[in-house]
Amino acid sequence: MKPRTQVVLLATLMSATAWGQEVSLYGTTMAQMWKQETPGFDKATFTPATQYLGIDATKLGTDNLSLHLFGWGRTDLSDASNFDGSKSGGYLNYGYLQYRFDQANAEIKAGRFTTSQATGFEQVDGVSVRTDLRGGFTVSAFGGKPVYFKTVDPRNQSDYEYQRDFIFGTRFAWRMPKVGEIGVSYLQDGTEAAKDLDIPSPIDYTRKQLGVDIRITPASVFDLRGRTVFDVASHPDQAPGTRDRSRIAEHDYTATVKVGSQVTVTGNYAERNFYAFFAGTNLPSLFRQDDNDMFRGFGGSITWNAPTGVQLVADYRHMHRETVGDVNRGGGEIRWSSSERTFLGGVGAHWVNAANTLFVDPARPYRSLSHKEARIWGMVTRGKLTASLDGILQRYDRDNPYLVGIKNIYEVVGSLGYQATTNVKVSGDVSYGSTAVAKHETRGLLRAEYRFGFARKGGR
Amino acid sequence: MARNSIFKIVGVVLGLGFLMACSLISPETSFAATHPQELGAGRPICSECHSNDVAKGAQKPYASFDHTPTFVKDHRFQANQDSNTCASCHAQSFCADCHGAKVPMKPSTRFSDRPDLQSPHRGDFMTLHRMEGKMDPSSCYACHGRANNEKCAACHR
């Protein structure tokens, strides 16, 4: 969407809030400052100012119509902190009108919104509808122009934009009380095949996915859910003698079991075949579709919520990538919260063992990815004052090729806040740390959060 | 003449289809747009009050929505298919705090005064992401790959 169109849309949507009987405005204003001294580069001072703004206006003429808006803008008051050298930026994350019907959980959205009803998680400028049907069935659909920013390769920009002219998706599901749900969904991003363009393109950006999702919840103590996604787009024939590529883009299933009132156990299995999973990527240099690589992972966690406010979490995950090898990640965390939540604290540690990886650093094949991480934090609230301290240390193996000789990376953030009124809070942070880019880095941040309006719904 | 007949047939079929679709719509009233009672501070445990109920529409036990630490990590399962239930307490902007598609800073920086939140990418993730990407690039793609790639494109050309 062009900036001029966005401004017009924004002005129209904001003026529509005047009809709202319940209007809430959320804002956060932030000012940051840090200096950077990187060998080989000029010294730089960064002072970006960022404004977030959200509006929820309900009962626009009728109880069922509402408007939702969220966006942000930023500008650099000194050196440019954006990677592309620009000193300002902004974005409309969403802005849509919603009509909720009194019957069947039916709703219609129009404008810019995010949808996750079908196989994908998409941002769309368009329309979406959903409703419950008789017999436990539900149906939803959306269509519109996909919201993207840029493709990487400018040679393919026109092909990419031309092919991604329209995105649509639908999901049809059946729900059974206290048993579960099964759904089938389809998503298509782009309607023009690459071979049908005025100048046929060798790369096809059209994405077509078919998904099947399932949920089994026979009781509140057990929950199994997940999905399998198939790539159903047409692709060029494979070279003779090469291994067949899987059409299964993704399996992702998670089971949760509650043992008594204090213990929860979860387990997850995921598998993704990159050729199918990355089909239609708009970042082909990073998410490569030209190999048969795949990922398979499984793991789980155990959480114990003690009645004393203590929470213990232990987690483990095994990851296998065909072209890289095996990685194991594990660790734990202890959290404590006082009964009035005036003190919250936690300490955690995790390790990543990549002893069986390949090709990352041929000279030291198993050192590169292995590392350990430790974190400790605390937060105190006394009346209108809050204070917090958060420290994180990441310790890597010596001679890690990604870290220019550094072994330890750390960051400590201290924050003080004052809740001036129920709806206004100001806070300031100072952080100090060491990274692969900056060995000593101090940052400052000022933050003002405010909320005005009448609606009861809020957030965090 | 033939064209008119075709239009009439298509019109009748569409009309019947519309009537049939309307009759298929569930007669149940929708889930409450707003929770009828003010909730206390902290994460709510829905099943404390709705012990044996099944959430209308979602057709699953209210306990599935208990805001346990596990729920916070895996809330995508509820939010994807049952956003109506979420919306009875949360404004839409609550989601955008982290899932903004295109955001100017990491959630852990924006909420650096809230270390209790389970924000992703804490610390020097610029370094760490190269290793995470080697281990599982599909985990990046789920959130960033399809749209928010300007920062990626600065290096990954």
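Taking a cut-off of 20 Å between Cα atoms, list the aspartates and glutamates near A:LYS59, but don't count ones fewer than 8 places away on the same chain.
A:GLU22, A:ASP102, A:GLU107, B:GLU38
State to the nearest 20 debye the size of the charge dipole of chain B about its Cα centre, where the only charges are +1 on K and R beta carbons and -1 on D and E beta carbons.
About 840 debye.
When a footprinting reagent is the concern and you count Cβ atoms within 10 Å, what order do B:ILE9, A:ILE392, A:ILE406 take, fewest first?
Ascending number of Cβ neighbours within 10 Å: B:ILE9, A:ILE406, A:ILE392.
With the cut-off at 25 Å, tell me which of the pairs A:LYS87/A:LYS425; A:LYS425/B:LYS151; A:LYS258/B:LYS73; A:LYS258/B:LYS102 have Cα atoms farther apart than that.
A:LYS87/A:LYS425; A:LYS425/B:LYS151; A:LYS258/B:LYS102
Obtain the nm distance between the two label points defined at A:GLN262 and A:THR342 by a simple spin-label model: each point lies 7 Å from its Cα along the Cα-to-C-beta direction.
According to this spin-label approximation, the distance is 2.6 nm.
Work out the FRET efficiency for A:ALA49 and A:LEU389 from their Cβ-Cβ distance, taking R0 = 25 Å, and round it to the nearest 0.05.
Calculated value: 0.45.
Say a paramagnetic label sat at a point 7 Å from the Cα of B:ALA41, along Cα to Cβ; which residues of segment A:318-361 have their backbone N under 19 Å from it?
Under cut-off, by backbone N: A:336-346.
Suppose every K and R has +1 on its Cβ and every D and E has -1 on its Cβ; what is the size of the dipole of the protein assembly as shown about the Cα centre, in Debye to the nearest 20?
580
For A:HIS318 and B:VAL12, what is the calculated FRET efficiency with R₀ set at 60 Å and r taken between the beta-carbons, to the nearest 0.05?
Between A:HIS318 and B:VAL12 the formula returns 0.50.
Whole number please: convex hull volume per residue, Cα atoms of the protein assembly as shown, in Å³.
Value for the protein assembly as shown: 184 Å³ per residue.
In whole angstrom, how long is each semi-axis of the equivalent ellipsoid of chain B, when you take the square root of 5 times every eigenvalue of its Cα gyration tensor and sort them from largest down?
So the three semi-axes of chain B are 40, 29, 13 Å.
Looking at A:THR386, A:PHE298, B:MET105, which one has the Cα that reaches farthest to the positive end of the dipole of the protein assembly as shown (charges on Cβ: Lys, Arg +1; Asp, Glu -1)?
About the Cα centre, the residue reaching furthest to the positive side is A:THR386.
Starting with the fewest neighbours, write out A:TRP377, A:TRP174 ranked by other beta-carbon atoms found within 10 Å of each beta-carbon.
A:TRP174, A:TRP377
Taking the Cα centre of segment B:107-155 as origin, work out the dipole magnitude from +1 charges on Lys and Arg Cβ and -1 charges on Asp and Glu Cβ, in debye rounded to 20.
In total the dipole reaches around 100 debye.
Helix B:2-24 against the longest principal axis of chain B: what's the angle in degrees, Cα atoms only, rounded to the nearest 10?
60
Taking 8 Å as the Cα distance limit and 6 or more residues as the minimum spacing, I'd like the relative contact order of chain A as a percentage.
9
Treat each spin label as a single point 7 Å out from the Cα along the C-beta direction, and report the A:ALA193 to A:PHE101 distance in nm.
Going from the A:ALA193 label point to the A:PHE101 one covers 3.7 nm.
Once each part is reduced to its C-alpha centroid, what is the distance from segment A:91-128 to segment A:225-247 in angstrom?
31
Work out the FRET efficiency for B:SER51 and A:ALA355 from their Cβ-Cβ distance, taking R0 = 51 Å, and round it to the nearest 0.05.
Step by step, r from the Cβ atoms, then E = 0.60.
Largest first and in whole Å, give the semi-axes of segment B:107-155's equivalent ellipsoid, each being the square root of 5 times a Cα gyration tensor eigenvalue.
Semi-axis lengths for segment B:107-155 are 21, 13, 11 Å.
Mean residue ellipticity at 222 nm from the helices of the protein assembly as shown, using -39,500 (n - 2.57) per DSSP H segment of n ≥ 4 over the full residue count, to the nearest 500 deg cm²/dmol?
-4000 deg cm²/dmol
Going by alpha carbons, how many degrees (0 to 90, nearest 10) lie between the helix axis of B:125-135 and the longest principal axis of chain B?
Between helix and principal axis, roughly 60 degrees.
Can you sort A:PHE452, A:PHE168, A:PHE274 from fewest to most other Cβ atoms within 10 Å of each residue's own Cβ?
Least to most surrounded, the residues fall as A:PHE452, A:PHE168, A:PHE274.
Every number here is computed from the coordinates shown, using simple stated rules; none is lab data. Quick caveat, the model's predicted, so the values are computed rather than measured. Positions of Cβ are generated from backbone atoms using ideal geometry, with glycine treated the same way; all protein chains shown enter the neighbour counts.
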